[in-house]
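The structure appears below as structure tokens.
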Amino acid sequence: MIGLGTWQLGADWGDVDDKEALAVLEAAAESGVTFFDTADVYGDGRSEQTIAAFLSGRPDLHVLVATKMGRRVDQIPENYVLDNFRAWNDRSRRNLGVDRVDLVQLHCPPTPVYSSDEVFDALDTLVEEERIAHYGVSVETSAEALTAIARPGVASVQIILNPFRMKPLYEVLPAARAAGVGIIARVPLASGLLSGKYTKDTVFPENDHRTYNRHGEAFDQGETFSGVDYTTGVEAAVEFAALAPQGYTPAQLALRWIVQQPGVTTVIPGARSPEQARANAAAGRLPELSEETLAAVRDLYDRRIREQVENRW
């Protein structure tokens, strides 16, 4: 149930050197992780290339690699056409060192893309040409997720889901279960807020999206701290950390909460160190959370977070 998100290994989270990136992948794999999520824009291909370098030295591993495409061009629906899909896929296959990609996801495209028959016909063509095994979408909003789930060829929907972003629980997860569509939960720690490590005075590097995208300056604000105001998030995270049962870190509480939600296929926390990767993977082996803890997490969301995020995403 616990996968690995590799945005951190490419860019936008400060600096991670190649040796450390490979160590993170090794630690995740050795901890039983069998799903790596990446994208062609993470480090402009660096993340894909790092995964390829790691897996080329570990032919014994059976890891499903999912990548994403579509964010390397202007975000207009006209760019989501078959010729571009083939070009983007060629580049990802080179970066990943494979003939066929396990799963390709549209990377939070403009909303009209989800309603385009031509787009999904083009994705079907990539499957027919054996360039990709399956396709899915990564979305910003629950409404986009529901539109995508209605498409018969969509294998998966990647969506922000965590104790500070609960709206997908109401309609998206039930619809996905009914349609047999996988749910990949991303931003599971609300950009680290739910780890309980940050204070109001924490300073992030200039090249970290938690500095430069705090108000949606570079991409959707919901990708940074799940769209929660930082001060509110830090205060709520203190309350959240206090709910962690004995033997759980706050981050493991968040991950365990996600995997207990009916319909979640996998959750993809990132990691900047081998220790983080191992701790994240261990969350999937912890005992289920009690109804009392689940109710307390819901109460915190209702009191502190819901009003900030549900009307937008």
(request) State all residues of the stretch 126-181 that are surrounded by fewer than 23 Cβ atoms within 10 Å (Cβ to Cβ), of a type in the set (Lys, Arg) and over 19 Å from residue 40 (Cα atoms); if no residue qualifies, say none. (result) 151, 167, 177
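Would it be correct to say that residue 39 is among the small types (Gly, Ala, Ser) and open to solvent by less than 10 Å² (accessible area, probe 1.4 Å)?
Working: among the small types (Gly, Ala, Ser): yes; open to solvent by less than 10 Å² (accessible area, probe 1.4 Å): yes.
Yes.
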(request) Report, by residue number, each residue of the stretch 54-94 that is open to solvent by 60 Å² or more (accessible area, probe 1.4 Å) and farther than 19 Å from residue 117 by Cβ. (result) 56, 59, 60, 62, 64, 71, 72, 74, 75, 94
(request) Could you check, for the stretch 113-123, whether at least one of its residues is touching a strand residue (DSSP E or B) at 6+ places or on another chain (Cβ under 9 Å) and surrounded by fewer than 16 Cβ atoms within 10 Å (Cβ to Cβ)? (result) no
(message) Quick check on the stretch 212-251: of everything there that is open to solvent by less than 20 Å² (accessible area, probe 1.4 Å) and of a type in the set (S, T, N, Q), which residue is farthest from the chain's Cα centre (by Cα)?
(response) 213
(request) Output the number of residues of the stretch 7-28 satisfying the condition of being crowded, with 21+ Cβ neighbours inside 10 Å and modelled with pLDDT of 95 or more. (result) 4
(request) Give the residue, chosen from 308, 260, that is within 23 Å of residue 223 (Cβ to Cβ), open to solvent by less than 70 Å² (accessible area, probe 1.4 Å) and among the polar types (S, T, N, Q). (result) 308
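Pull up the stretch 201-211, narrow it to residues that are of a type in the set (D, E, K, R) and surrounded by fewer than 12 Cβ atoms within 10 Å (Cβ to Cβ), then point me to the one that is nearest to residue 167 (Cα to Cα). Lay out the reasoning, then the answer.
Of the stretch 201-211, the ones of a type in the set (D, E, K, R) are 201, 206, 208, 210.
Filter once more, keeping what is surrounded by fewer than 12 Cβ atoms within 10 Å (Cβ to Cβ): 201, 206.
Numbers: 201: 29, 206: 31 Å.
For the stretch 201-211, the residue satisfying everything is 201.
The values are calculated or read from the model by the stated rules, or taken from the named source; none is laboratory data. No experiment lies behind these values; they were computed from the predicted model shown. Cβ: placed from backbone, ideal geometry, glycine included. Neighbour counts: every protein chain shown. For accessibility, only protein heavy atoms count, side chains too; no ligands or nucleic acids. Shrake-Rupley method; radii C 1.70, N 1.55, O 1.52, S 1.80 Å.
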